[in-house]
Amino acid sequence: MDPVKVGILGLGTVGGGTVNVLQRNAEEIARRAGRGIVVSHAAARDLNKPRICETEGITLTDDPKNVVEDPNVAIVIELIGGDTLARDLVMRAIENGKHVVTANKALIAKHGNEIFAAAQAKGVIV
């Protein structure tokens, strides 16, 4: 079975750490999930900035819309923070039929009802 492809919005400390955890624990995650999970696409504001994670094999972009529009990405992990751009990207990911992972408290506090309703209507999980 092909691995689930994940797109990450934000490759700062939390985003880079997320990539590290997914890569370091890939075998165990695949065992538990029944298939692999790989980061295939990631967005960062500055593509030339040094990263705390290995990005080989990951398509990098400075336009986060490219991640949510990537037809190969099944799950979008939102790690950019704030509640304006993050909301737009999460809503677009949902519209595109992608599951979303976020720990963005401001986003959920301000737009949670709208986001969860859109996800339910589209049949995806946030």
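Computed values, structure above
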{"quantity": "Near pairs, Cβ below 8 angstrom, 6+ apart or cross-chain, from region 58-75 (under 18 Å from residue 37 (Cβ atoms)) to any residue that is assigned to a loop (DSSP other than H, G, I, E, B) and at pLDDT below 95", "calculated": "none"}
{"quantity": "Candidates 11, 89, 22, filtered to the one that is in contact with a Pro (Cβ under 6 Å, 6 or more places away or on another chain) and open to solvent by less than 40 Å² (accessible area, probe 1.4 Å)", "calculated": "89"}
{"quantity": "Conditions (1) of a type in the set (Gly, Ala, Ser); (2) modelled with pLDDT under 95; (3) closer than 22 Å to residue 63 by Cβ: number failed by residue 103", "calculated": "(3)"}
{"quantity": "Residues of region 25-57 classified as among the charged types (D, E, K, R), open to solvent by less than 80 Å² (accessible area, probe 1.4 Å) and without any contact (Cβ under 8 Å) to a residue 24 or more places away in the chain, total", "calculated": "2"}
{"quantity": "Residue 97, sole failed condition from (1) at negative phi; (2) at pLDDT 95 or above; (3) surrounded by fewer than 16 Cβ atoms within 10 Å (Cβ to Cβ); (4) out of contact with any strand residue (DSSP E or B) (no Cβ under 9 Å at 6 or more places or on another chain)", "calculated": "(1)"}
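The values are calculated or read from the model by the stated rules, or taken from the named source; none is laboratory data. As the structure is a prediction and not an experimental result, all values here were calculated from the model. Glycine gets a Cβ as well: all are built from the backbone with ideal geometry, and neighbour counts include every protein chain shown. We work out accessible area using only protein heavy atoms, side chains counted, and drop any ligands, DNA or RNA first. Shrake-Rupley method; radii C 1.70, N 1.55, O 1.52, S 1.80 Å.
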